[in-house]
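Reviewing the structure listed below.
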Amino acid sequence: MKSLIMKGARIIATGSAVPNSTINNSQMCQLVETSDEWIVTRTGIKERRILTGFNKSIIDLAVVASIKALDKISMHPSEIDLIILATSSPNDLFGSASQLQAKIKACNAVAFDLTAACSGFVLATVTASQFLQNGNYHNILVVGADVLSKWVNWSDRSTCILFGDAAGAVILQSCSKQDNKILGFQLNTDGNYYRHLSISYKEVINPHPILSLYQGYFESIYMNGKEVYKFAVSQVPLSILKCLNSLNLSINDIDWLLLHQANERILNAVADKLSIDSSKIIANLSKYGNTSAASIPLALDEAVQENKIAEDDIIVISGFGAGLTWGTLVIQWKYK
Ligand code: COA
């Protein structure tokens with residue numbers, strides 16, 4: 001996709017937060033009929049973090065991740081113009097971003113939620129880059145935060161072993177057009193397959209006696225694992241290739257492949273299909289499982305903290321998941 005940009009945009013800070021409580025695979029065996037061997041060989045996951053405690057929500061994690069990112073660059077929260085909170089597990093259906101805005105005292109920021117499950121961070125970062133590249137805003141905080149532990153059916157072994165809770169944050173800033181580091185993106189949705197992965201709203205059978213109105217409740221996560229797996233390994237490589245093509249970049253230009261951390265087999269299969277060396281894969285899912293919208297910024301923050309990423313490295317980032325929605329974002333890293 002070609003776009004006319006007025007200004008550049010780049011990521012200037014990252015931060016992340018995970019809850020303290022850990023559930024490893026042996027503890028998982030006490031909840032459902034499974035084994036460490038099955039989980040590790042099919043998914044690569046060894047443990048995940050769970051947000052325990054009364055009244056705890058994505059906001060608790062999102063606040064910590066955001067403050068860490070702000071502190072890294074000594075930025076005052078009042079300098080943030082916009083907050084985009086990518087989440088599919090808000091603590092308020094009207095939106096949770098305003099609570100984050102108030103808690104971190106980002107008094108000049110407009111804030112909204114963006115719901116796109118495991119693609120949420122990619123879509124939110126692309127959205128933020130548009131506001132920066134068209135010159136409307138200067139500093140934007142993008143947070144991916146999910147607590148899918150609250151939506152998992154803990155007796156469904158096909159899903160409960162996969163998910164964990166976390167938040168990851170990035171701060172994007174506008175810069176000169178020449179210094180633009182959000183190089184390009186490629187996004188897709190195919191709603192025909194939305195049923196393969198959903199937390200659907202179920203209406204009760206009997207309507208309100210006077211109003212003939214049906215009300216209901218949200219169910220637990222449903223996933224057709226096989227279909228989601230096939231979708232990811234077939235569509236993600238295509239999205240990456242389309243995006244690289246539009247930027248006149250080749251596979252050899254990629255320094256890092258940062259995919260949504262769903263399953264180690266998916267990460268390896270995508271890299272294999274594209275002939276990307278496995279040493280270029282950023283992966284931390286063995287420690288955290290699939291943390292949905294948080295997985296990419298959490299892995300990015302860890303990679304930055306571990307000094308893996310060098311100045312000017314090209315990072316190919318892809319998100320995929322419920323919707324079904326998937327997409328690629330290509331960035332170049334800049335420390336200062
Ligand atoms: N422990 C032990 N056995 C399990 C199990 C578990 N946690 N979960 C499922 N099984 C069993 C099934 O019941 C089935 O048994 P059967 O052959 O007797 O019927 C067998 O293992 C195979 O199940 P299947 O669902 O075919 O396994 P799979 O190889 O497809 O792996 C996933 C399951 C979920 C790991 C895999 O499909 C996957 O990773 N899909 C993508 C999921 C994903 O990434 N989702 C998020 C995207 S954002």
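Bear in mind that the values in this text are calculations on the coordinates, not laboratory data. Treat the numbers as computed from the prediction; the structure is a model and nothing was measured. With ideal geometry, Cβ positions are generated from the backbone for all residues, glycine too; neighbour counts draw on all protein chains shown.
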Fill in the blank from the handout: Pseudo-spin-label distance Ser250 to Lys336, built 7 Å along Cα→Cβ, given in nm, is 3.4
Practice task
Arrange Ile67, Ile140 by Cβ neighbour counts within 10 Å, fewest through most, would you?
Solution key: Ile67, Ile140
Handout entry: At R0 = 35 Å, FRET efficiency that the Cβ-Cβ distance of Ser74 and Ser21 yields, to 0.05
Key = 0.65
Fill in the blank from the handout: Taking every C-alpha to C-alpha distance in the range 120-245 and binning by 10 Å from 0, the per-bin percentages run 10, 26, 30, 22, 10, 2, 0
Fill in the blank from the handout: On the formula 1/(1 + (r/R0)^6), with r taken between the Cβ atoms of Asn206 and Glu311 and R0 of 45 Å, the FRET efficiency rounded to 0.05 is 0.10
Handout entry: Those chymotrypsin sites (Phe, Trp or Tyr not before Pro) in the range 295-336 that DSSP places in a loop and that have at most 13 other beta carbons within 10 Å
Key = Tyr335
Handout entry: Set of the range 205-249 residues, backbone N closer than 17 Å to the point 7 Å along the Cα-Cβ line of Tyr193
Key = 222-242
Problem - Net charge over other residues, Cβ less than 11 angstrom from the Cβ of Ser278 (K, R count +1; D, E count -1) - result: -2
Handout entry: Lysine pairs within the range 8-179, Cα separation less than 21 Å, 8 or more sequence positions apart or different chains
Key = 9
Exercise for the section: Among DSSP beta bridges lying fully in the range 8-179, give the percent that are antiparallel, nearest 5. Expected result: 70
Completion exercise
Cα-based Debye curve of the range 8-179 sampled at q = 0.12, 0.17, 0.20 Å⁻¹ gives log₁₀ I(q)/I(0) of -0.57, -0.97, -1.20
Exercise for the section: Give, in whole angstrom and from largest to smallest, the semi-axes √(5λ) of the equivalent ellipsoid of the range 1-89, with λ running over the eigenvalues of the Cα gyration tensor. Expected result: 36, 19, 12
Exercise for the section: Determine, for each peptide in 188-200, 84-96, the mean count of other beta carbons within 10 angstrom over its residues, then list the peptides with the highest first. Expected result: 84-96, 188-200
Completion exercise
Asn307 neighbourhood, Cβ < 13 Å, K/R = +1, D/E = -1, net charge -4
Practice task
Would you list the membrane-span-like helices of the chain, meaning whole DSSP H runs whose alpha-carbon atoms span at least 18 Å along their axis and whose mean Kyte-Doolittle value is at least 0.0?
Solution key: 58-72, 120-133, 225-246
Exercise for the section: Using only the C-alpha atoms of the range 224-336, find the volume of their convex hull and express it per residue in Å³. Expected result: 103
Fill in the blank from the handout: Rounded to the nearest Å, the spacing of the alpha-carbon centers of the range 241-278 and the range 135-158 is 23
Exercise for the section: Please say if the range 1-48 is rounded, prolate or oblate, where rounded means a/c under 1.5 for a ≥ b ≥ c the square roots of the C-alpha gyration tensor eigenvalues, and otherwise the choice is prolate for a/b larger than b/c and oblate otherwise? Expected result: prolate
